[in-house]
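Following: one structure in structure tokens, then a few remarks.
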Amino acid sequence: MADDPKDPGRKGVSRRGFLTSVGTGALSAVAASRVQAEPTERAELLEGAELSKVTLILNGRSRQLLVEPRWSLAYVLREELGLTGTKVGCDRGECGACTVLVNDVPRYACLMLAVEAEGARVETVEGLMEGEELGHTQQAFVEKDAFQCGYCTSGQVMAVEGMLRSRANPSLGEIRNGVSGNLCRCGAYAHIFAAAERAAELKREGGGS
Amino acid sequence: MTLDRERPYWLEGVDLPDTPAQDEDIEPWDETKVVGKPLPRVDAYERVSGSAVYPADVVLPRMLYAAILRCPYPHAEVKGVDIGAAEKLPGVRAVFSAFSPEDAATRPHIEFIRERLFNSRCRYEGETVAAVAAETPYQAWDAVRAIEVEYERLPFVSDEREALDPDAPLVHDDGNQVAEPGTYERGDVAAGFADADVVLEQEYRSECEIHTPMEPHGAVAKWDGDQLTVWESTQGVYGVQSGVAGSLGMPFSKVRVIGHYMGGGFGSKLQSGKYTVIAALLAKKTARPVKCVLTREETFLAVGNRPPSNMRLKAGVKRDGTLTAMEFRGTGTGGAYRAGGTSLLDWVVRDLYTCPNVKTETTDIYINAGPARPFRAPGHPQGAWALEQMMDALAGEIGMDPVELRLKNIPAYSQARAGNPPYTTTGLKQCLEEGARSFGWAEARANANRASAGGPMRRGVGMAGCLWPYGFGSPPATAIVKLYSDGTVNLNTGAADLGTGTKTVLAMVVAEELGVDPDAVQIENADTGTTQFAASSGGSMTVPSETPTVRAAAIDVKRQLLQLAAEEMSVAVSTLYLMDGKIYSTADPEVEREPSGLRSLRRRRMLTGIGYRAPNPAGKVVNPFAAQFCEVEVNVRTGEVKVLRFLGAHDSGRVMNLLTYRNQVFGGITMGIGFGMTEARVLDRNQTGKMVNKNWHDYKLPTALDVPPVFECVPVDPGDREANTTGTKGIGEPATIPTAAAIANAVFHATGVRMTDTPINPSRLVAALAAQRGE
């Protein structure tokens with residue numbers, strides 16, 4: 001998960017940052033997860049937690065931040081950086097409302113620690129904008145009315161955007177699979193499929209994002 | 001339960017002002033230029049760009065985060081709460097519980113539950129026990145985990161089918177039956193059954209369904225001295241204002257509630273929650289803004305559900321398709337409190353089809369589980385699950401087509417209401433006929449076997465009908481339309497847009513009347529501090545309530561504009577009219593004036609029009625109707641059901657925006673697929689009484705892979721000129737009522753197996769198929 005073949009240095013940096021900050025260099029990942037299951041010990045353990053430095057390439061710009069090692073990427077984006085286009089629907093990797101692109105691949109930002117994203121290119125729905133103009137995928141969602149309440153929409157847009165970056169001309173089946181990790185309780189799926197097709201068309205016509 | 005027009009379920013606990021009658025008669029539209037078009041939403045940009053700020057997105061300077069400790073047991077007495085360790089943790093700024101003075105300061109909280117904020121007797125898993133505010137949500141949860149609670153665990157009952165047993169544990173000390181059974185009777189059912197050629201009797205059950213809107217319930221609260229501002233994810237800011245003001249003993253004018261955007265509600269966000277009051281009290285105690293957004297797990301436990309229903313229906317029919325009698329018994333549970341466990345469960349039996357002899361009885365029962373809240377057409381998908389499968393079975397028994405049987409029994413008036421008032425329009429016949437035609441019902445029905453792929457695959461087609469007894473809209477509602485001197489417009493309405501497209505539809509009404517571009521209409525809505533009264537959006541009432549109101553306001557502004565123009569041009573006002581945003585004269589074809597060119601308007605800078613919602617026609621009923629059709633493919637070896645296509649034919653009056661209308665129909669069908677095929681709350685009724693699938697991994701919502709590749713929408717508009725001045729009826733709820741029953745009927749058509757219990761999932765269906773084969 002934290003391993004990025006394109007960036008061999010990343011794993012070491014993020015793990016070192018994580019372990020240092022909890023103050024127990026010998027802890028393995030397995031032990032860390034066991035600690036999480038024991039709430040009272042965990043509270044004591046974290047009392048002295050230090051903030052870790054993390055650098056993200058966020059929507060094309062390098063950002064340095066201080067984060068608690070346990071903070072999720074979704075939390076940091078929304079509450080620390082004010083990028084609230086990324087939504088949280090479940091905070092446990094079930095709904096996809098927090099989907100962002102990490103190195104062009106759709107990822108659930110609630111399941112990723114901010115420190116894991118060290119050095120990664122992170123794109124949120126705000127990053128698809130061209131100034132005040134909507135990106136192609138966003139524009140397609142407008143035209144096809146591919147949402148109702150709009151709360152899952154950022155995640156749906158990012159899922160479609162990520163799919164189209166790896167597959168420019170998806171079939172309906174590929175589109176359905178491509179957004180199957182993103183729940184929409186309003187049930188706008190049929191329009192989301194149409195929007196994905198339209199987004200592919202707009203990208204072919206216009207290029208760029 | 002009776003139908004209460006004065007105090008329907010979605011207005012419980014809300015103070016309704018009277019609005020004055022409209023001061024002039026407004027004729028329904030004959031033709032429209034903007035209304036009805038498939039226009040993209042006026043707030044689409046905000047929703048796809050990420051710039052829309054939902055309540056869960058609000059981040060204020062120095063804001064704290066709240067977390068709530070909830071009872072882990074289905075039934076327990078809280079003996080003591082030790083918050084000492086929690087208070088000392090880093091970042092923790094406030095902790096309180098039932099034993100803190102803050103709780104005593106609140107009044108019984110209106111959440112359909114007249115109870116304390118923190119109850120020492122916890123009657124369901126997820127009841128609030130204590131709350132924390134801290135610098136980060138992580139620290140708030142650390143503190144919640146550090147609170148020590150002494151619980152005395154009590155015996156519990158998790159299944160309403162066992163809760164009336166003599167030895168069942170008591171949820172409330174005076175017994176587990178909420179009230180005397182609700183009863184209804186007309187005619188003589190015994191005589192009706194004696195008249196019938198065929199009588200069938202069947203039991204049905206539908207499982208408890210949880211709303212789980214994508215944005216969890218929650219609020220941000222901020223105090224400025226004695227003034228409280230609340231940002232809440234809600235279907236009605238005025239409903240939240242009533243709840244908060246009532247709980248805290250505050251005047252309305254000191255409680256401002258803002259709900260510009262909200263991420264879905266489906267009935268579960270009609271009012272304030274305990275979380276709202278908790279946010280307000282924590283903010284007061286810390287003198288800092290507090291955000292209290294529930295976790296997903298909490299939304300499964302504590303903020304509503306569609307009650308499970310157990311239904312027994314006996315029905316008689318003559319060979320010619322005449323229904324002679326129906327007898328219905330239903331039980332259900334709204335959980336641990338009085339929350340409408342059988343609300344409207346029998347209404348379709350009473351009123352959907354012509355039948356002279358009907359008897360119903362419904363019994364609401366307490367269990368140790370989270371309280372229900374209204375859920376998209378309360379009682380109706382459940383009642384339709386029974387009635388529409390029964391109609392299908394009756395048709396089979398008398399050898400009649402299921403559509404034909406329904407066509408034989410279409411009522412012109414409401415049989416279940418006192419005095420049998422007529423419907424303004426009944427589009428049910430058209431829904432059945434036009435729906436069947438567009439779907440290719442007869443061919444699909446006849447060819448289903450041939451269309452099957454062979455091997456274990458079987459095709460089937462099914463259909464179901466419905467009505468929705470609300471959906472008429474009503475006063476009170478007030479709207480303001482302001483015309484600026486440059487010809488642009490501002491619309492002010494208290495109505496929330498839940499994602500149904502309310503704002504877009506209302507902007508289109510303004511555009512229709514004033515000839516401006518809908519996108520040029522600036523909208524301020526859903527803010528008790530700045531916008532006019534609108535009831536909470538529920539009951540499929542918002543469009544039929546608000547569109548006539550906004551239309552009246554736009555017409556008021558138009559009247560003032562023409563008056564100004566007539567004075568400036570020294571002509572009779574009766575000769576002037578507004579078309580495509582310009583002023584013309586019937587007396588002089590040369591006259592063509594832009595409003596912005598009027599000196600008198602520039603001097604005034606702005607004209608303000610006010611619109612009120614006129615009453616509904618006396619002695620008549622305005623109801624939406626629908627019929628839905630579907631085709632499924634069943635793998636009889638695995639029990640998997642693939643929904644191949646779905647068609648919704650809906651009479652919801654005038655289509656205001658074809659794009660958002662279709663979205664509502666498809667969304668309602670999708671939710672109905674969940675109700676019929678995937679969703680069920682599972683309580684561990686023997687061991688712990690806890691909900692075992694309180695997350696989206698184990699509780700299955702329909703995903704992109706579960707909806708049919710082909711959706712069709714057939715709008716039926718009977719041209720209702722009596723309902724209201726826009727000819728609208730609601731669409732949100734009828735869109736989900738018949739869906740699950742249509743699927744069950746299609747599965748029966750494919751396999752010959754009658755699935756009487758939801759959800760029709762592979763394990764249940766494969767067991768039923770095995771039983772059919774005698775295995």
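The values are calculated or read from the model by the stated rules, or taken from the named source; none is laboratory data. Small disclaimer: the values here were computed from a predicted structure and weren't measured. Every residue, glycine among them, receives a Cβ derived from its backbone with ideal geometry; neighbour counts consider all protein chains shown.
Among the listed residues B:ALA627, B:ALA618, B:ALA649, B:ALA680, which satisfies the condition of being aliphatic (A, V, I, L, M) and without any contact (Cβ under 8 Å) to a residue 24 or more places away in the chain?
Values: B:ALA627 fails: without any contact (Cβ under 8 Å) to a residue 24 or more places away in the chain; B:ALA649 fails: without any contact (Cβ under 8 Å) to a residue 24 or more places away in the chain; B:ALA680 fails: without any contact (Cβ under 8 Å) to a residue 24 or more places away in the chain.
Of the residues listed, the single one that is aliphatic (A, V, I, L, M) and without any contact (Cβ under 8 Å) to a residue 24 or more places away in the chain is B:ALA618.
Could you tell me whether any residue of region B:140-155 is part of a loop (DSSP other than H, G, I, E, B) and within 24 Å of B:GLY334 (Cα to Cα)? Before the answer, list the steps.
The initial filter retains those residues of region B:140-155 that are part of a loop (DSSP other than H, G, I, E, B), namely B:147, B:154-155.
Those still in the list that are within 24 Å of B:GLY334 (Cα to Cα) too: B:154-155.
Yes: one or more hits.
For region A:126-164, a residue qualifies if it is within 8 Å of chain B (Cβ to nearest Cβ) and among the hydroxyl-bearing types (Ser, Thr, Tyr), and the qualifying residues are A:TYR151, A:THR153, A:SER154. Just one of the listed residues (B:ARG637, B:ARG681, B:ARG604) is of a type outside the set (Ser, Thr, Tyr) and not assigned by TED's automatic domain parsing to the domain that holds B:PHE748, and it is B:ARG604. Take B:VAL42 and decide whether it is modelled with pLDDT of 95 or more, away from chain A (no Cβ under 14 Å) and over 22 Å from the mean Cα position of the chain (by Cα). It is false that B:VAL42 is modelled with pLDDT of 95 or more, away from chain A (no Cβ under 14 Å) and over 22 Å from the mean Cα position of the chain (by Cα). Screening region A:64-93 for residues that are more than 8 Å from chain B (Cβ to nearest Cβ) and of a type in the set (S, T, N, Q) and picking the one that is nearest to A:ALA109 (Cα to Cα) gives A:SER72. Criterion applied to B:VAL621, B:VAL665, B:VAL641, B:VAL714 was being within 13 Å of chain A (Cβ to nearest Cβ) and of a type in the set (Val, Ile, Thr), and the one residue passing it is B:VAL665. Here A:GLY181 passes the criteria (1) at the interface with chain B (Cβ under 9 Å from one of its Cβ atoms); (2) surrounded by fewer than 24 Cβ atoms within 10 Å (Cβ to Cβ); (3) in a helix (DSSP H, G or I) except the one numbered (3). From the list B:PRO615, B:PRO624, the lone residue that is surrounded by fewer than 19 Cβ atoms within 10 Å (Cβ to Cβ) and either at pLDDT below 95 or under 18 Å from B:LEU467 (Cβ atoms) (or both) is B:PRO615.
Among the residues in region B:298-309, are any over 19 Å from B:THR212 (Cα atoms) and buried (at least 22 other Cβ atoms within 10 Å of the Cβ)? Quick ask: steps written out before the conclusion?
Our first condition is that a residue be over 19 Å from B:THR212 (Cα atoms); within region B:298-309, this holds for B:309.
Those left that are additionally buried (at least 22 other Cβ atoms within 10 Å of the Cβ): B:309.
Within region B:298-309, one or more residues are over 19 Å from B:THR212 (Cα atoms) and buried (at least 22 other Cβ atoms within 10 Å of the Cβ).
I'd like to know if region A:48-67 contains one or more residues that are modelled with pLDDT of 95 or more and part of a helix (DSSP H, G or I). No, the conditions are met nowhere in region A:48-67. Considered as a group, the residues in region B:681-700 that are under 22 Å from the mean Cα position of the chain (by Cα) and within 9 Å of chain A (Cβ to nearest Cβ) include one that is surrounded by the most Cβ atoms within 10 Å (Cβ to Cβ), and that residue is B:TRP696. Out of region A:88-105, which residues are crowded, with 24+ Cβ neighbours inside 10 Å and in contact (Cβ under 8 Å) with a residue 40 or more places away in the chain? Within region A:88-105, A:GLY89, A:CYS95, A:GLY96, A:ALA97, A:CYS98, A:THR99, A:VAL100 meet the criteria. Screening A:MET112 with (1) under 15 Å from A:PHE193 (Cβ atoms); (2) surrounded by fewer than 24 Cβ atoms within 10 Å (Cβ to Cβ) gives one miss only, at (1).
For region A:94-109, a residue qualifies if it is under 26 Å from B:PHE300 (Cβ atoms) and more than 10 Å from chain B (Cβ to nearest Cβ), and the qualifying residues are A:CYS98, A:THR99, A:VAL100, A:PRO106, A:ARG107, A:TYR108, A:ALA109. Within region A:163-181, the set of residues being out of contact with any Leu (no Cβ under 8 Å at 6 or more places or on another chain) and closer than 21 Å to B:ARG662 by Cα comprises A:LEU172, A:ILE175, A:VAL179.
Where residues in region A:132-155 are of a type in the set (Asp, Glu) and part of a loop (DSSP other than H, G, I, E, B), which of them is nearest to B:ALA496 (Cα to Cα)?
We begin by selecting, within region A:132-155, every residue of a type in the set (Asp, Glu); these are A:132-133, A:143, A:145.
From the residues that got through so far, the ones that are part of a loop (DSSP other than H, G, I, E, B) too are A:132, A:145.
Values: A:GLU132: 26, A:ASP145: 18 Å.
So the residue we want is A:ASP145.
Collect the residues in region B:46-67 that are of a type outside the set (Gly, Ala, Ser) and more than 7 Å from chain A (Cβ to nearest Cβ), keeping them in residue-number order. Correct list: B:GLU46, B:PRO55, B:VAL58, B:LEU60, B:PRO61, B:ARG62, B:MET63, B:LEU64, B:TYR65.
So that you can scan it fast, the table gives a plain yes or no per residue for (1) in contact with a Leu (Cβ under 9 Å, 6 or more places away or on another chain); (2) of a type in the set (Ser, Thr, Tyr):
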site: B:LYS582; (1), (2): no, no
site: B:THR586; (1), (2): yes, yes
site: B:TYR612; (1), (2): no, yes
site: B:LEU644; (1), (2): no, no
site: B:LEU647; (1), (2): no, no
site: B:VAL655; (1), (2): no, no
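It is to be established whether one or more residues within region B:113-132 are farther than 26 Å from B:LYS694 by Cα, surrounded by 20 or more Cβ atoms within 10 Å (Cβ to Cβ), at pLDDT below 95 and not assigned by TED's automatic domain parsing to the domain that holds B:ALA369. No, there is no match, as no residue in region B:113-132 is farther than 26 Å from B:LYS694 by Cα, surrounded by 20 or more Cβ atoms within 10 Å (Cβ to Cβ), at pLDDT below 95 and not assigned by TED's automatic domain parsing to the domain that holds B:ALA369. For a quick check of your reading: which strands (runs of 3 or more DSSP E) sit entirely within region B:410-516 and have at least 3 residues that are of a type in the set (A, V, I, L, M, F, W, C) and either in contact (Cβ under 8 Å) with a residue 24 or more places away in the chain or surrounded by fewer than 24 Cβ atoms within 10 Å (Cβ to Cβ) (or both)? Passing ranges, in order: B:457-467, B:478-484. Of all residues in region B:261-293, those being within 13 Å of chain A (Cβ to nearest Cβ) and either under 26 Å from B:GLU733 (Cβ atoms) or modelled with pLDDT under 95 (or both) number 9.
Total residues in region B:221-254 satisfying the condition of being surrounded by fewer than 24 Cβ atoms within 10 Å (Cβ to Cβ) and part of a strand (DSSP E or B): the figure is 6. Scanning region A:193-209 finds no residues that are of a type in the set (Gly, Ala, Ser), at the interface with another protein chain (Cβ under 8 Å from one of its Cβ atoms) and within 30 Å of B:GLU733 (Cα to Cα). The single residue among B:THR678, B:THR670, B:THR703 that is within 14 Å of chain A (Cβ to nearest Cβ) and either crowded, with 24+ Cβ neighbours inside 10 Å or under 18 Å from the mean Cα position of the chain (by Cα) (or both) turns out to be B:THR670.
The listed residues are B:ILE743, B:ILE737, B:ILE731, and the only one of them that is more than 25 Å from B:VAL621 (Cα to Cα) and assigned by TED's automatic domain parsing to the domain that holds B:VAL636 turns out to be B:ILE743.
Filtered by the rule that a residue be at negative phi and in a loop (DSSP other than H, G, I, E, B), region B:747-766 gives B:VAL753, B:ARG754, B:MET755, B:THR756, B:THR758, B:PRO759, B:ILE760, B:ASN761.
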